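**Student:** Just passing along the structure, written as structure tokens.
The values are calculated or read from the model by the stated rules, or taken from the named source; none is laboratory data. Because the structure is predicted, anything quoted here is derived from the model rather than measured. We place every Cβ from the backbone using ideal geometry, glycine too, and count neighbours over all the protein chains shown. Note: accessible area is taken over every heavy atom of the protein model, side chains too, but ligands, DNA and RNA are not part of it. Shrake-Rupley method; radii C 1.70, N 1.55, O 1.52, S 1.80 Å.
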Amino acid sequence: MALSKLENLYRQMILEHAAHPHHHGSLKKTSQKIELRNPTCGDVLTLEVELKDGKVADIAFAGSGCTISQASASMMTDEVIGKTPAQIAKMVVAFSEMVTGKETDETEELLGDATILAGVAQFPARIKCATLAWKAVYQAVKADDSKATLGLLHHDV
Amino acid sequence: MVKKMNDYIKDFPILNQKVNDERLVYLDNAATTQKPRAVVEAVTNYYYHDNANVHRGVHTLAERATEAFENVRTKVAHFINAPSKDEIVYTKGTTEGLNWVAAGYGRNHVKVGDEIVISYMEHHSNLVPWQQLAQQTGAKLKYIALQADGQLDMESVQQQITDKTAIVALTHVSNVLGVVNPIAKIAHITHQHNALMIVDGAQSTPHMKIDVQALGADFFAFSGHKLLAPTGIGILWGKSSLLAEMSPLEFGGEMIDWVQLQKTTFKAAPWKFEGGTQNIAGVVGLGAAIDYLEKIGMDNIQAHEQVLMQAILPELSKIKGLTIYGPQEAQERTGIIAFNLDNLHPHDVATALDMEGIATRAGHHCAQPLMAYLKVPATVRASFYLYNTLADGQRLVEGIKATKEFFKNGTI
Ligand SMILES: Cc1ncc(COP(=O)(O)O)c(C=O)c1O
């Protein structure tokens, strides 16, 4: 097998996002700020969100992490701009399901380019790396406090 | 020597498998070790033939189980050269042992203004209990600094341990750096200041002959699962005078002497600490593991790991962009190698190695203050044991090279 299977995880686009992450840094105007840790590896992610007219107007992330967590954060920031908290909650659930192997017809529509992270499902040890940024944005903009939605995220707490 | 040691692989059925189409190379022994047939069979036989609760029945099985349970205590005492089997307390592992000392002894003896001294290389389980104790008692928690190569800085040892020191708690071997700390020397300094020397033996006991008396320890804790025994069984050794002054933390069956409506007297140590039904099968497995290790000889195990390190470290050092943490000389370390590759995150490296059938660990290794001290978020760690071979070491070296090639443009 050697490393051929690795290409399912480390797709070119993922490597590019990790090497040159989008929306990396901090914001001038921030309405929500959150810091999340991945306790198994010590990775830290800081997320700043600017909400305007009930939508994400701008977003930035900072912190250290592996390729998967950095690329996932970068892709997440691309996808959530212009979305409402309710839409984001749906995206986060779709992402969480996708990386645990449950893709639906809607996945691609909801997640756009981030769908490329579906390969993570074959690497269970890396699911937490992929979901960290999505959990962060979910908490930052928390649209509803529906336990059902949160429950879906619990597989990787 | 290595050749002879290689014969032991066949005692470990789990190692005979492929992972991701490659022969498994298990290099996560600092996390937990694999179990030889002798241990698995001892546990199975116990359940098939002798299972009963200990110290309770008068029937034959109960007597057999009790005898097996107490015999292992004697075996453990011999294994670590404890003066008495009554100083051997069964725990669920190192973490529980250290917590019991901090809570059962520390809370009764440490006062406001006292100092507790640990080091930057401690595992969270020899750090957080002392931090908690310091918070609860108003004592001050102090850290011994490390030298650039990761060894304890002996000058800092001299500075930090003072007449205010009540407790010095150190790991014998670092689970990240692989360094062996000079416990006997530090115990000497500790005792000059009338403080207690508490030793975390989780990473030393599996790999070298332990003599708690020669170490000058007052308490010494280790885990069975890191030395071929089942999970959920560990040992706390303490000097009998100290165990007598230490309070039990679990009250209930088994540990009592006489229960009246308003007061209770407890059994003597070690039984006063062992409230409730114990992990009897785990104890039996631990006994079998010690027999297995002693048959090979702890000195031979240590020598085998040295041979591996002497061969592997120079090969790893040749890989450009690879940083090895801790002393660079094999003689100064056990079979633990923590490393990073430039521009690669340790998680990505460990996933790549896993794809090549090599089990390593990536992360902070339950030593976040050490990671902060080394100024790295995490490392990859390969840890060897008696069943690992030079071929395993070579697979690691080749695996790292292939990983580097796969990510040749870096990932971070
Ligand atoms: C140095 C050190 N101390 C303590 C522990 C805790 O051992 P356990 O989890 O078996 O209680 C470990 C193992 O993870 C360790 O490496």
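**Student:** What is the distance in Å between the Cα centroid of the stretch B:257-284 and that of the stretch A:68-107?
**Tutor:** 53
**Student:** Still on this model: What are the semi-axes of the equivalent ellipsoid for chain A, taken as the square roots of 5 times the Cα gyration tensor eigenvalues, largest first, in whole Å?
**Tutor:** In descending order the semi-axes read 23, 18, 15 Å.
**Student:** Here's a follow-up. May I ask for the Rg/Rh ratio of the protein assembly as shown, computed from Cα atoms with Rh as the Kirkwood radius, given to two decimals?
**Tutor:** We get a ratio of 1.01 for the protein assembly as shown.
**Student:** Dipole magnitude of the protein assembly as shown about its Cα centre, charges +1 at Lys/Arg Cβ and -1 at Asp/Glu Cβ only, in debye to the nearest 20?
**Tutor:** 480
**Student:** Report the accessible area of A:R37, computed with a 1.4 Å probe over the heavy atoms of all protein chains in place, in Å² rounded to the nearest 10.
**Tutor:** Per-residue accessible area (A:R37): approximately 140 Å².
**Student:** Would you work out the relative contact order for chain B, in percent, from Cα pairs under 8 angstrom that are 6 or more residues apart?
**Tutor:** The normalised contact order for chain B reaches 22 percent.
**Student:** Taking only Cα atoms and a 10 Å spring cutoff, compute GNM fluctuations for chain B and point out the largest among B:F266, B:F222, B:F384.
**Tutor:** It is B:F266.
**Student:** Enter the angle in degrees (range 0 to 90, nearest 10) between the Cα long axis of helix B:298-317 and the first principal axis of the Cα atoms of chain B, meaning the one along which they spread out most.
**Tutor:** Its long axis makes an angle of about 30 degrees.
**Student:** A further question on this structure: Evaluate E = 1/(1 + (r/R0)^6) for B:T265 and A:D53, where r is the Cβ-Cβ distance and R0 equals 56 Å; express this FRET efficiency to the nearest 0.05.
**Tutor:** 0.20
**Student:** Can I ask one more? Roughly how many Å² is the accessible area per residue of chain B, as a whole number, for a 1.4 Å probe?
**Tutor:** Result: 40 Å² per residue.
**Student:** 5 Å is the cut-off here: which amide hydrogens, built 1.01 Å from N in the peptide plane, fall below it relative to A:D58, excluding neighbours closer than 5 in sequence?
**Tutor:** Those qualifying (amide H under 5 Å, at least 5 residues apart or on another chain) are A:E50.
**Student:** Let me ask something else. Which percent of the accessible area of the protein assembly as shown is formed by carbon and sulfur heavy atoms (probe 1.4 angstrom)?
**Tutor:** Looking at the protein assembly as shown in its full context, I get 51 percent from C and S.
**Student:** Sticking with this structure for a sec: Nothing charged except the Cβ atoms of Lys and Arg (+1) and of Asp and Glu (-1): what's the magnitude of the dipole of chain B about its Cα centre? Round to the nearest 20 debye.
**Tutor:** Result for chain B is approximately 220 debye, rounded to the nearest 20.
**Student:** Continuing with this model, one more query. Compute the label zone of B:Q17 within the stretch B:331-375: residues whose backbone N is under 17 Å from the point 7 Å along Cα-to-Cβ.
**Tutor:** Output list for this probe position: B:354-360.
**Student:** Considering protein heavy atoms only and a 1.4 Å probe radius, which residues within the stretch A:40-83 exhibit an accessible-area decrease of no less than 10 Å² in the full assembly relative to the chain by itself?
**Tutor:** A:T40, A:C41, A:G42, A:D43, A:S64, A:G65, A:C66, A:T67
**Student:** Quick one: 3J(HN,Hα) in Hz for the stretch A:24-40, Karplus 6.51/-1.76/1.60 with θ = phi - 60°, rounded, Gly and Pro as x.
**Tutor:** Couplings: 8, x, 9, 9, 6, 10, 10, 9, 9, 9, 8, 10, 10, 10, 9, x, 6 Hz.
**Student:** Which lysines, if any, have their Cα less than 26 Å from the Cα of A:K83, not counting same-chain residues under 8 positions apart?
**Tutor:** Candidates past the 8-residue exclusion: A:K28, A:K29, A:K33, A:K52, A:K55, A:K102, A:K128, A:K135, A:K142, A:K147.
**Student:** Something else about it: Where the only charges are on Cβ atoms (+1 Lys, Arg; -1 Asp, Glu), what is the dipole of chain A about its Cα centre, to the nearest 20 debye?
**Tutor:** Rounded to the nearest 20 debye, it is 460 debye.
**Student:** Follow-up question, since we're still on this one. Once the Cα gyration tensor of the stretch B:40-294 is diagonalised, what are the square roots of 5 times its eigenvalues, in whole Å and ordered largest first, as equivalent ellipsoid semi-axes?
**Tutor:** 33, 22, 13
**Student:** Using 0.36 nm per residue of separation minus the Cα-Cα distance, give me the extension gain between A:I81 and A:H22 in nm, one decimal.
**Tutor:** 20.1 nm
**Student:** Same structure again: Rounded to the nearest 100 Å², what's the accessible area chains A and B bury against each other, both chains counted, probe 1.4 Å?
**Tutor:** 1800
**Student:** While we're on this one: How much FRET efficiency would the formula 1/(1 + (r/R0)^6) give for A:A125 and B:E155, where r is the Cβ-Cβ distance and R0 is 41 Å, rounded to 0.05?
**Tutor:** Rounded to the nearest 0.05, the efficiency is 0.50.
**Student:** Specify which residue in the list A:P85, A:A121, A:T46 is farthest towards the positive end of the charge dipole of the stretch A:5-142, using unit charges on the beta carbon of Lys, Arg (+1) and Asp, Glu (-1), about the Cα centre.
**Tutor:** The residue sitting most towards the positive pole is A:T46.
**Student:** Could you give log10 I(q)/I(0) at q = 0.17, 0.30 Å⁻¹ for the stretch B:302-360, computed by the Debye formula over C-alpha point scatterers of equal weight, without solvent?
**Tutor:** Values, matching the q order: -0.62, -1.24.
**Student:** Which percent of Cα-Cα pairs in the stretch B:319-412 sits in each 5 Å bin, short to long?
**Tutor:** Calculated over all Cα pairs of the stretch B:319-412, the distribution is 3, 13, 24, 27, 20, 11, 3, 0 percent.
**Student:** Straight-line reach only, C-alpha to C-alpha below 21 angstrom: list the lysines that B:K267 could link to, leaving out same-chain residues fewer than 8 apart.
**Tutor:** B:K85, B:K92, B:K239
**Student:** Hey, another quick one. Give, as ranges by residue number, the residues of the stretch B:343-378 whose backbone N falls under 11 Å from the point 7 Å along Cα→Cβ of B:Q131.
**Tutor:** From the stretch B:343-378, the list is B:367-370.
**Student:** Moving on. Mind checking which aspartates and glutamates have their Cα closer than 18 Å to the Cα of B:K295? Skip sequence neighbours fewer than 8 apart in that chain.
**Tutor:** Filter leaves B:D7, B:D11, B:E41, B:D211, B:E305.
**Student:** While we're on this one: Rank B:I186, B:P327, A:M76 by how far each Cα sits towards the positive end of the charge dipole of the protein assembly as shown (+1 on Lys, Arg Cβ; -1 on Asp, Glu Cβ) and give me just the farthest.
**Tutor:** B:I186
**Student:** While we're looking at this one, here's another question. I'd like the FRET efficiency for A:S4 and B:A303, computed as 1/(1 + (r/R0)^6) with the beta carbon distance as r and R0 of 30 Å, rounded to 0.05.
**Tutor:** That pair, A:S4 with B:A303, gives E of 0.15.
**Student:** Find how many whole Å separate the alpha carbon centroid of the stretch A:48-65 from the alpha carbon centroid of the stretch B:131-176.
**Tutor:** 42
**Student:** Same structure, new question: Given a 1.4 Å probe, show me the residues in the stretch B:336-365 buried by at least 30 Å² of accessible surface when comparing the whole protein assembly to the chain alone.
**Tutor:** B:H345, B:H347, B:D348, B:T351, B:M355, B:H364
**Student:** Using only Cα atoms, find the angle between the long axis of helix B:390-406 and the longest principal axis of chain B, and express it within 0 to 90 degrees, rounded to the nearest 10.
**Tutor:** Rounded to the nearest ten degrees, it is 60.
**Student:** In Å², and per residue, what accessible area does the stretch A:1-102 have when probed at 1.4 Å with the other protein chains present?
**Tutor:** Accessible area per residue: 43 Å².
**Student:** Please compute the modelled spin-label separation between B:N51 and A:K102, points set 7 Å along Cα→Cβ, answer in nm with one decimal.
**Tutor:** Rounded to a tenth, the inter-label distance reads 3.6 nm.
**Student:** In whole Å, what is the distance between the alpha-carbon centres of the stretch B:187-245 and the stretch B:25-81?
**Tutor:** Comparing the Cα centres of the stretch B:187-245 and the stretch B:25-81, I get a distance of 20 Å.
**Student:** So, one more: I'd like the orientation of helix B:183-192 relative to chain B: the angle between its Cα long axis and the longest Cα principal axis, in ° from 0 to 90, rounded to 10.
**Tutor:** 40
**Student:** Heads up, I need the accessible area for B:W258: 1.4 angstrom probe, whole protein in place, Å², nearest 10.
**Tutor:** My reading of the accessible area for B:W258 is about 150 Å².
**Student:** Same structure, new question: Just which residues of the stretch A:1-24 lose 10 Å² or more accessible area with every protein chain there, against their chain alone, with the probe set to 1.4 Å?
**Tutor:** Buried by 10 Å² or more upon assembly, which counts only protein chains, are A:M1, A:A2, A:L3, A:K5, A:L6, A:E7, A:Y10, A:L15, A:A18, A:A19.
**Student:** Follow-up question, since we're still on this one. In whole Hz, what ³J(HN,Hα) sequence does the stretch B:98-105 give by Karplus (6.51, -1.76, 1.60; θ = phi - 60°), x for Gly and Pro?
**Tutor:** Once rounded to whole Hz, the list reads 5, 5, 5, 5, 4, 7, x, 9.
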